[in-house]
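This report refers to the structure that appears directly beneath it.
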Amino acid sequence: MSAMEGELRAILQQLTHQEKVTVGPRDFWLGHWHGQHVVAVLSRIGKVAAATTATALVERFGVSEMVFTGVAGGLGVGVTVGDVVVASRFLQHDLDASPLFPRYEVPLYGRSHFDTDARLVSALAQATQSVLADPLGLLGAQTLREFSLVAPRLHHGLIISGDRFVASTGESAALQRALPDALAVEMEGAAVAQVCHDYGIPFAAVRTISDRADDGAHHDFNRFMASVASRYSAAIISEMLRRL
Ligand code: SAH
């Protein structure tokens, strides 16, 4: 599952035996990739859209595992543009049912964090390491220069999600103060993690850092997506499927 068109397109280029199934406004692409049966779909942007997509993947397509690939804003110290974060767990940073429930806790779940699956995470992290080992080969010298990418790194930890594109230094500093262990912020992952928790489906997610969630966050977003993130995504998921 990807949030954005550019990434899905890069993934669809690798799916063989493609068949498109349309459900409501969503196109689900069934196909084969490294011997696995795969359903590729655009989650659409935001928590509700992503949760609906995840539910359809389970209910209509009977998927046994889910992987999200996308971009995110870097929050943690040293989590810079071009780095990649593999999520260990997720939290909704905009969820607040206090004083009835503690801040961030999802009502009736007794928890604020949703874990990813150890086996999928391990495959995803190994795949990411191998892709990041040769950024020059994947992206070319000109793209590395354009985005000042030197030695992209893999991080592993908490990703937070909310229905806001975080694009101000003040808001990103506030999130860092409130949730100091958060490495990155995006708009879908925690919703998908909650759906997967409900259905007992193993889930993992990988996000390329497209911005620092600060005043410059909107600059070059689309170009970064096309030149860097979509190539990382397709390469990482391909390597991961090879390892499963
Ligand atoms: N400019 C884009 C809008 C993308 S919305 C367009 O025209 O379509 C941002 C997407 O990237 C979401 O899917 C979200 O998950 C992720 N994302 C990247 N940086 C983010 C940030 N700083 N805050 C929140 N989400 C971010």
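Condition check ((1) touching a residue at least 60 places away in the same chain (Cβ under 8 Å); (2) among the small types (G, A, S)) across all residues:
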position	(1), (2)
H17	no, no
L30	no, no
H37	no, no
A40	no, yes
S43	yes, yes
G46	yes, yes
A49	yes, yes
T55	yes, no
R60	no, no
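Please find, within region 7-51, the residue that is modelled with the highest pLDDT out of those that are surrounded by fewer than 19 Cβ atoms within 10 Å (Cβ to Cβ), assigned to a helix (DSSP H, G or I) and within 15 Å of the ligand (Cβ to nearest atom).
Within region 7-51, the match that is modelled with the highest pLDDT is V48.
Just one of V85, V81 is modelled with pLDDT under 95 and of a type in the set (A, V, I, L, M); which is it?
The unique qualifying residue is V81.
Does L183 fit the bill of being surrounded by fewer than 21 Cβ atoms within 10 Å (Cβ to Cβ) and in contact with a strand residue (DSSP E or B) (Cβ under 9 Å, 6 or more places away or on another chain)?
In short, no.
Answer with yes or no whether A56 is assigned to a helix (DSSP H, G or I) and within 16 Å of the ligand (Cβ to nearest atom).
The answer is no for A56.
If V166 satisfies all but one of (1) of a type outside the set (S, T, Y); (2) over 21 Å from the mean Cα position of the chain (by Cα); (3) assigned to a loop (DSSP other than H, G, I, E, B), what's the number of the condition it fails?
(2)
Among the residues of region 78-88, are any within 14 Å of the chain's Cα centre (by Cα) and surrounded by fewer than 24 Cβ atoms within 10 Å (Cβ to Cβ)?
The answer is yes, given that some residue of region 78-88 is within 14 Å of the chain's Cα centre (by Cα) and surrounded by fewer than 24 Cβ atoms within 10 Å (Cβ to Cβ).
Matching residues to (1) open to solvent by less than 40 Å² (accessible area, probe 1.4 Å); (2) within 16 Å of the ligand (Cβ to nearest atom):
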{"position": "L132", "(1), (2)": "yes, no"}
{"position": "A141", "(1), (2)": "no, no"}
{"position": "F147", "(1), (2)": "yes, yes"}
{"position": "G157", "(1), (2)": "yes, no"}
{"position": "A167", "(1), (2)": "yes, yes"}
{"position": "E171", "(1), (2)": "no, yes"}
{"position": "R177", "(1), (2)": "no, no"}
{"position": "Y199", "(1), (2)": "no, no"}
{"position": "F203", "(1), (2)": "yes, yes"}
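Inspect region 188-195 for any residue being within 12 Å of the ligand (Cβ to nearest atom), touching a strand residue (DSSP E or B) at 6+ places or on another chain (Cβ under 6 Å) and of a type in the set (V, I, T) and give the result as yes or no.
So far as region 188-195 goes, yes, one or more of its residues are within 12 Å of the ligand (Cβ to nearest atom), touching a strand residue (DSSP E or B) at 6+ places or on another chain (Cβ under 6 Å) and of a type in the set (V, I, T).
Of all residues in region 90-130, which are among the hydrophobic types (A, V, I, L, M, F, W, C) and either open to solvent by less than 40 Å² (accessible area, probe 1.4 Å) or within 14 Å of I160 (Cα to Cα) (or both)?
The answer is F90, L91, L95, A97, V106, F114, L120, V121, A123, L124, A125, A127.
Which condition number in (1) in contact with a helix residue (DSSP H, G or I) (Cβ under 7 Å, 6 or more places away or on another chain); (2) within 16 Å of the ligand (Cβ to nearest atom); (3) part of a loop (DSSP other than H, G, I, E, B) is the one that V71 fails?
(3)
Within region 205-244, which residues are hydroxyl-bearing (S, T, Y), surrounded by fewer than 22 Cβ atoms within 10 Å (Cβ to Cβ) and either modelled with pLDDT of 95 or more or in contact with a strand residue (DSSP E or B) (Cβ under 7 Å, 6 or more places away or on another chain) (or both)?
If the condition is that a residue be hydroxyl-bearing (S, T, Y), surrounded by fewer than 22 Cβ atoms within 10 Å (Cβ to Cβ) and either modelled with pLDDT of 95 or more or in contact with a strand residue (DSSP E or B) (Cβ under 7 Å, 6 or more places away or on another chain) (or both), then S238 is the only one that fits.
The values are calculated or read from the model by the stated rules, or taken from the named source; none is laboratory data. Small disclaimer: the values here were computed from a predicted structure and weren't measured. Ideal geometry is used to build each Cβ from the backbone, glycine not excepted, and the neighbour counts take in all protein chains shown. Surface accessibility is based on the protein's heavy atoms, side chains included, excluding ligands, DNA and RNA. Shrake-Rupley method; radii C 1.70, N 1.55, O 1.52, S 1.80 Å.
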